[in-house]
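Q: Handing you a structure now.
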Amino acid sequence: MNLMRIRMHHLIEQIPDEDLQSVWEVVQALHFDCYMLKAMGKVKRSQHPWDILTHDEAIRLLMFM
């Protein structure tokens, strides 16, 4: 994993300053997508057909994952 960090830092250093904002928006969106996919997968594995959550319970569950 340490090698990946070094490679990421090296890549970031090569990005021109004027492109950093647009790169950040893409990376942030990707991070949020990955977070939600992991949360959905975790819920899928733990949910049973007889489990029914209210909207508030579902939101609360996603907030603490």
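All of the numbers you see were taken from the coordinates with simple rules; none came from a lab. Worth saying up front: this structure is predicted, and the values here are computed from it rather than measured. Cβ atoms come from the backbone with ideal geometry, glycine included; neighbour counts cover every protein chain shown.
Q: Looking at H48, L61, A29, which one has the Cα that reaches farthest to the positive end of the dipole of the chain (charges on Cβ: Lys, Arg +1; Asp, Glu -1)?
A: H48
Q: Can you give me the span-like helices of the chain, meaning DSSP H runs with 24 Å or more of Cα extent along the axis and Kyte-Doolittle mean at or above -0.5? Provide the component values of the computation, followed by the final result.
A: Numbers: long enough: 20-46 (39 Å, 0.12).
Passing helices, by number: 20-46.
Q: Next question, about the same structure. Kirkwood Rh, the chain, all Cα pairs: how many Å?
A: So the Kirkwood estimate lands at 14.8 Å.
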